[in-house]
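Below: one structure, written as structure tokens.
The values are calculated or read from the model by the stated rules, or taken from the named source; none is laboratory data. Everything quoted here is computed from the prediction, not taken from an experiment. Glycine also receives a Cβ, built like all others from the backbone with ideal geometry; neighbour counts cover every protein chain displayed. Calculation scope for accessible area: heavy atoms of the full protein, side chains included, ligands and nucleic acids excluded. Shrake-Rupley method; radii C 1.70, N 1.55, O 1.52, S 1.80 Å.
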Amino acid sequence: MKVICALFRSTVFALFLFLVACSTTRRLQENQYLLVDNKVKIENPVKEVSAGNLSGLVQQKPNSKFIGLFPLKLWWNSIFKNSGEQPVLLDLSQVDESKEQMRKYLDNIGYFDSEVNDSINYKKKKAKRVTYKVKLATPYRIRQINYTIKDDSIIKLIDDHFGSTLIRPSFILNSNILDKERTRLTQILNNNGYFGFTRDYIYYEVDSALHSKQADVTLIIKNVYIPSDDPALPAIEENHKIYYINDVFIQPNFRSFQSDTIRYDTIVKTLERRGDPILNKYNIVYKPPLKIKPKVITRSMFVENNNKFNATDAKQSYKKLNELQVFKYVNINFREVKDFTKAKEENKNYLDCIVQVTRNPVHSYSIEAQGTNSGGDLGIGGYLVYQNKNLFRGGEVFYLRLKGAMEAQEGGATPEEAKDRKFLFFNTFEAGIEANLYIPKFLAPINQDVFSRYFRPKTNINLGYNWQDRLEYERIITNFSFGYEWSETQFRSHILFPIDVNVVKVTTTPEFDSILAGESERFRNQYTDHLILGIRYSYIYNNQELNRIKDFTYLRWNIETSGNFLDLVVNMTGAQENAEGFQTIFGIRYSQYVKSDIDIRHYFVFVKKHTIAVRTALGLAIPYGNSIDIPFEKGFYGGGANGMRAWILRYLGPGAYPNINPNIERVGDVKIEANIEYRFPIFKVFKGAFFYDIGNIWLLSENETFPGGKFKFKNFLSELAMDVGIGMRLDFKYFIFRVDIAQQMMDPAREKGDRWVIGDNNNWFNPVYNLGIGYPF
């Protein structure tokens, strides 16, 4: 073994010398230089200008670097000329173009006449670095703002929304901000009847000839100019028209190439909105039979008769119709109604709204397979999934999933028993059925109009039955939940399950009973029958915007409680305690606890798909009343592919527990965890990552089974586990396959003062391999 290791080290060293010897510049001719680096230095930095933004304007980029450290493709090209990546040769004309682009950018954000120079230095022989030196000028600021608008109605609208203006006196004269103000005003007008109004009607005149780094800004909104019928006459100037909605036509089974001879029926559906005295009328034009209830479509419509055209309402209608999975294509158009008697009588302008939607297939089936690795125990599993996207003709989505799994588990039974229960080499089995019904509205015995339509409410009903046959016990888990989801804003959403029921029935083997007899009550309770009847709520904030390269934050806060209603019922009925001193319902002990946790993540997004992801997860669960501990399935755990990756799932902690029995799964009442991960591209679908994890779980009280597991404020910092690792990901856009390799740094299971793992002995390197789908966070 030592010979093999020595040979491996020698081979790696020889390969390194070979790569170094193959200089990346050896094929360059005289007066050719390899561009190895660009750097931007701002002599007088300010908050408004970052070197990162200016770096993005550099026209010539050096060769790409593997994991951001060394130019692997360039080295490969130096060895094999026709492969890898050609060397990027310094081009002085592109240096000049880069400086010009930086000057233009600085002019646009108000720093007119800033100086941008370059300095080109040798990084090594035949290789050069370009440094761009920027000296910012004093920025121009807005002295006063004037408005030139001929339309009094538009003037009033702008006055009503002046509080949110983006340009004010003393602000820097930033053309990007001026452009955003154009967009803001256009949106206001589009939401108040000005159909067809675009930002091109808004422009600025800037007078900067004040010789004091100040400028006067005049915002101008042009009227509409209509060409005259007589070419010799000038165009006719008119105010922009305000449009109202006339009729709304909905085609629920639209086909773009269908024949005009097809016979259509029309249903006129009226809908009364809360607080709106006018009935909203929708014309549903369809080819019989109509396979979706009309009110499902009208409930998703925000465009209403006789209201002013509102672009946001049109966008919300589009979004909500798209959320109905029964539809795969949605298109909303508006058409001006001309020669309209009503319009002439009322002196108004009207639009018809045409909504075209195309159906998805209602039924679908799929088969899913998976491989599992639980602490070294290999297994296989599979799912048969059925989906119906319009179960009761109301856009309801119904899932039915059948599950089967087998695993080869070691220990827990005598050789004879293990042999009797084997199928192939598997000895533990699992089967189950899950049903889920999603309803695109609040299913509640109250008027739906009490809820804002913009919340896009949903109802979820879940029912499941799971049977587990393991070497030590047989467990049956039945669950039922009923709850709601809704969006408060674009970035904020809520989940509330007022009914969440779990019933766990466990039958243990005599051999396992003898083991449990020597353990603490808390540990024994993990393998006893119990009932959970609770309520849970989640608040989610996520300001990520798709297709935009910007930092974003994700936050999820959960809180749940169980057993309070059952405890009230039991106390009212005067039921007696069982032999162990606990209350029961139908002979099953119910759990009482309160649990809360928060997961906060921030993503620093850089150019070229580099990202730093940071996560903090905190949790606390408190048993009370009819419980002395948290149910096993509700406790916090450490380890696994999405947490402390150098520990197997549920085999970290609690606290400083010294792994007296390494085969016991652990859960805790307290969780503290933090992770940081640097993600970077490697080549095409291949992505890489470096990560660091720190955290642990603890108990709130002393426990015989887990000595050292209690949370103590003075000790918890020294009981934090730590690991580092690298990861490889295959990113196929809609599917990410992940392999993470993690190594322990600090192990709280070791003696205090001797918890540092790396380099501790010859066998310190003991990596844990994790397979996963998607990112860990």
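Taking the criterion of being touching a Gly at 6+ places or on another chain (Cβ under 6 Å) and modelled with pLDDT of 80 or more, would at least one residue in region 237-256 satisfy it?
Among the residues of region 237-256, at least one is touching a Gly at 6+ places or on another chain (Cβ under 6 Å) and modelled with pLDDT of 80 or more, which makes the answer yes.
Residues are listed down the side, and each one gets a yes or a no for (1) open to solvent by less than 20 Å² (accessible area, probe 1.4 Å); (2) at pLDDT below 90; (3) farther than 20 Å from Arg615 by Cβ; (4) not in a strand (DSSP E or B):
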site: Ile694; (1), (2), (3), (4): no, no, no, no
site: Ser718; (1), (2), (3), (4): no, no, yes, yes
site: Gly725; (1), (2), (3), (4): yes, no, no, no
site: Gly772; (1), (2), (3), (4): yes, yes, no, no
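Checking Lys47 against (1) modelled with pLDDT under 85; (2) of a type outside the set (S, T, N, Q); (3) surrounded by fewer than 10 Cβ atoms within 10 Å (Cβ to Cβ), which test does it fail?
(1)
Yes or no, residue by residue, for (1) in contact with a Leu (Cβ under 7 Å, 6 or more places away or on another chain); (2) open to solvent by 20 Å² or more (accessible area, probe 1.4 Å); (3) more than 30 Å from Lys389 (Cα to Cα):
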site: Gln325; (1), (2), (3): no, yes, no
site: Ile332; (1), (2), (3): no, yes, no
site: Val337; (1), (2), (3): yes, yes, yes
site: Phe340; (1), (2), (3): no, yes, yes
site: Glu346; (1), (2), (3): no, yes, yes
site: Asn349; (1), (2), (3): no, yes, yes
site: Val357; (1), (2), (3): yes, no, no
site: Val362; (1), (2), (3): no, yes, no
site: Tyr365; (1), (2), (3): no, yes, no
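Please work out which one of (1) outside any strand (DSSP E or B); (2) more than 26 Å from Gly587 (Cβ to Cβ); (3) in contact with a Gly (Cβ under 9 Å, 6 or more places away or on another chain) is the condition Glu545 fails and give its number.
Evaluating Glu545 over (1) outside any strand (DSSP E or B); (2) more than 26 Å from Gly587 (Cβ to Cβ); (3) in contact with a Gly (Cβ under 9 Å, 6 or more places away or on another chain) leaves (3) as the failure.
So Leu730 ticks every box in (1) surrounded by 12 or more Cβ atoms within 10 Å (Cβ to Cβ); (2) in contact with a Pro (Cβ under 9 Å, 6 or more places away or on another chain) but one. Which box is left unticked?
Unmet condition: (2).
Given (1) modelled with pLDDT of 90 or more; (2) closer than 16 Å to Ile250 by Cα, where does Val285 come up short, assuming only one miss?
Among (1) modelled with pLDDT of 90 or more; (2) closer than 16 Å to Ile250 by Cα, Val285 violates only (1).
Got a number for residues in region 367-404 being modelled with pLDDT under 90, open to solvent by 40 Å² or more (accessible area, probe 1.4 Å) and in a strand (DSSP E or B)?
10
If you check Thr561, Thr507, Thr489, which single one turns out to be open to solvent by 50 Å² or more (accessible area, probe 1.4 Å), of a type outside the set (Gly, Ala, Ser) and over 30 Å from Tyr603 (Cα atoms)? Before the answer, list the steps.
On the way: Thr561 fails: open to solvent by 50 Å² or more (accessible area, probe 1.4 Å); Thr489 fails: over 30 Å from Tyr603 (Cα atoms).
Criteria check complete, one pass: Thr507.
Cβ-Cβ below 9 Å, separation at least six or inter-chain, first residue in region 453-481 and within 16 Å of Leu533 (Cα to Cα), second outside any strand (DSSP E or B) and not hydrophobic (A, V, I, L, M, F, W, C): which pairs?
Taking only residues 6 or more apart or on different chains, the pairs are Ile477/Glu633.
Which residue pairs have Cβ atoms under 9 Å apart, sit 6 or more places apart or on different chains, and have a first residue in region 745-774 that is over 18 Å from Arg645 (Cβ atoms) and a second that is among the basic types (Lys, Arg) and assigned to a loop (DSSP other than H, G, I, E, B)?
Trp756/Arg750; Asp760/Arg750
Being part of a loop (DSSP other than H, G, I, E, B), surrounded by fewer than 17 Cβ atoms within 10 Å (Cβ to Cβ) and basic (Lys, Arg) is the filter here; which residues of region 112-170 pass it?
Lys125, Lys150, Arg168
Which condition number does Arg548 fail, the rest of (1) of a type outside the set (A, V, I, L, M, F, W, C); (2) in contact (Cβ under 8 Å) with a residue 40 or more places away in the chain; (3) open to solvent by 60 Å² or more (accessible area, probe 1.4 Å) being met?
In the conditions (1) of a type outside the set (A, V, I, L, M, F, W, C); (2) in contact (Cβ under 8 Å) with a residue 40 or more places away in the chain; (3) open to solvent by 60 Å² or more (accessible area, probe 1.4 Å), Arg548 misses (2) alone.
Is it the case, given these coordinates, that Phe690 is part of a loop (DSSP other than H, G, I, E, B) and either under 29 Å from Leu72 (Cα atoms) or touching a helix residue (DSSP H, G or I) at 6+ places or on another chain (Cβ under 9 Å) (or both)?
Answer is no for this residue.
Could you pull out the residue among Thr561, Thr573, Thr553, Thr616 that is over 26 Å from Leu700 (Cβ atoms) and modelled with pLDDT of 85 or more?
Among Thr561, Thr573, Thr553, Thr616, only Thr553 is over 26 Å from Leu700 (Cβ atoms) and modelled with pLDDT of 85 or more.
Residues Gly635, Gly619, Gly587: which one is within 24 Å of the chain's Cα centre (by Cα) and either under 26 Å from Ile535 (Cα atoms) or β-branched (Val, Ile, Thr) (or both)?
Gly619
So is Phe604 assigned to a strand (DSSP E or B), of a type outside the set (Asp, Glu), open to solvent by 40 Å² or more (accessible area, probe 1.4 Å) and at negative phi or not?
For Phe604, the condition - assigned to a strand (DSSP E or B), of a type outside the set (Asp, Glu), open to solvent by 40 Å² or more (accessible area, probe 1.4 Å) and at negative phi - is met.
One line per residue, one yes/no per condition, for (1) out of contact with any strand residue (DSSP E or B) (no Cβ under 9 Å at 6 or more places or on another chain); (2) aromatic (Phe, Trp, Tyr); (3) modelled with pLDDT of 90 or more:
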site	(1), (2), (3)
Phe80	yes, yes, no
Met102	no, no, yes
Phe112	yes, yes, yes
Glu115	no, no, yes
Tyr122	no, yes, no
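Yes or no: region 749-760 includes at least one residue that is part of a strand (DSSP E or B) and open to solvent by 70 Å² or more (accessible area, probe 1.4 Å).
Within region 749-760 (the criterion being part of a strand (DSSP E or B) and open to solvent by 70 Å² or more (accessible area, probe 1.4 Å)), the answer is yes, since at least one residue qualifies.
Within region 468-479, can you find the residues that are crowded, with 16+ Cβ neighbours inside 10 Å, in a strand (DSSP E or B) and not hydroxyl-bearing (Ser, Thr, Tyr)?
Within region 468-479, Gln468, Asp469, Arg475, Ile476, Ile477, Asn479 qualify.
Restricting to region 334-366, name every residue that is of a type in the set (A, V, I, L, M, F, W, C) and at pLDDT below 75. Let's see the steps before the verdict.
Looking only at region 334-366, we keep the residues that are of a type in the set (A, V, I, L, M, F, W, C), and these are 334, 337, 340, 343, 351, 353-355, 357, 362.
Result: Phe340, Ala343.
From (1) within 23 Å of Lys710 (Cβ to Cβ); (2) touching a Phe, Trp or Tyr at 6+ places or on another chain (Cβ under 7 Å); (3) open to solvent by less than 40 Å² (accessible area, probe 1.4 Å), pick out the condition that doesn't hold for Glu677.
(1)
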